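Written out below as structure tokens is the structure these notes cover.
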Amino acid sequence: MIETRDVVKRYRTGGETLTALKGIDFAVEPGEFVSIMGPSGSGKTTLLNLLGLLDDPSEGEVLLDGEDVTGISDTERTRSRKRTIGFVFQNFYLIPTLTARENVEIPALFDHDPTVEERAVDLLERMGLGDRLDHKPDELSGGQKQRVAIARSLINEPRLLLADEPTGNLDRATGKQILEEFVDITDRDVAVIAVTHDELVNEYVDRTVELVDGYMGEDVPTDGEHASDSALSASEPGSDGGGPP
């Protein structure tokens, strides 16, 4: 579904070069639920941004459906995101003046699709919110807001769903309900990647990938280089902020 090959990401800040990702090889299959875990500053959000085609690597390749999408134009990137990728954020980012249904319709607003309202209603009903269609965000609980956000992420029928700390603002019982929704989504061959600190997520995923100081899993060094890298990656711009880049 999506793959990174030997991906490196560097940032220039204060006259210094910080390396947030260091040779990441990662792939996810259709219908697979994967969590990415690691301490703050480990590169999780940077990797999510690359997988979501919100940024380009400094080195290496990102492939979507086997096609190299590294370095494509902003217009092509936007089209690929809209066609293929949905996003769910920790803080929901619903528009407060719009109803649940209207919030779900937002990503398809300029498509002139006469079925969008019907599809939005169907998605909300599948999320158990058929009686909340005309409620605004301040009339919804945290779990209901997250379900609206999930429905919104699915309105364009993506094949990849990226979730940034999706249970971070929810109590445990509600978090379990949201994770069960993700499992249901994978049954429709949608791949789900969740960046999280929440160990609860690991009870639902097919596998867990760990990032530490920009290295993935078994690639984490055990020598002095690892310790020196830690201070740099902890300063990673925008690291693990739980919000849209």
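Bear in mind that the values in this text are calculations on the coordinates, not laboratory data. From a predicted model like this one, the values you see are computed outputs, not experimental measurements. Quick reminder, even Gly has a Cβ in these numbers, built from the backbone with ideal geometry, and neighbours come from all protein chains shown.
Yes or no, residue by residue, for (1) farther than 29 Å from Asp187 by Cβ; (2) loosely packed, with under 14 Cβ neighbours inside 10 Å:
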position	(1), (2)
Tyr11	yes, no
Leu21	yes, no
Ala27	no, yes
Phe33	no, no
Glu67	no, yes
Ile72	yes, no
What are the residues in the stretch 1-15 that are hydrophobic (A, V, I, L, M, F, W, C) and either touching a Ser or Thr at 6+ places or on another chain (Cβ under 7 Å) or in a loop (DSSP other than H, G, I, E, B) (or both), if any? Met1, Val8
Mind listing whichever residues of the stretch 104-146 are closer than 20 Å to Phe89 by Cα, part of a helix (DSSP H, G or I) and among the charged types (D, E, K, R)? Glu105, Arg126, Asp138, Glu139, Lys145
Determine if the stretch 152-168 includes at least one residue that is surrounded by fewer than 18 Cβ atoms within 10 Å (Cβ to Cβ), out of contact with any Leu (no Cβ under 8 Å at 6 or more places or on another chain) and under 22 Å from Val205 (Cβ atoms). yes
Among the candidates Val201, Val205, which residue alone is of a type in the set (Val, Ile, Thr), touching a residue at least 40 places away in the same chain (Cβ under 8 Å), surrounded by 23 or more Cβ atoms within 10 Å (Cβ to Cβ) and not in a strand (DSSP E or B)? Val201
Of all residues in the stretch 16-59, which are in a loop (DSSP other than H, G, I, E, B) and either more than 19 Å from Ile85 (Cβ to Cβ) or free of Cβ contacts under 8 Å to residues at least 12 places away in the same chain (or both)? Gly38, Pro39, Ser40, Gly41, Ser42, Gly43, Ser58
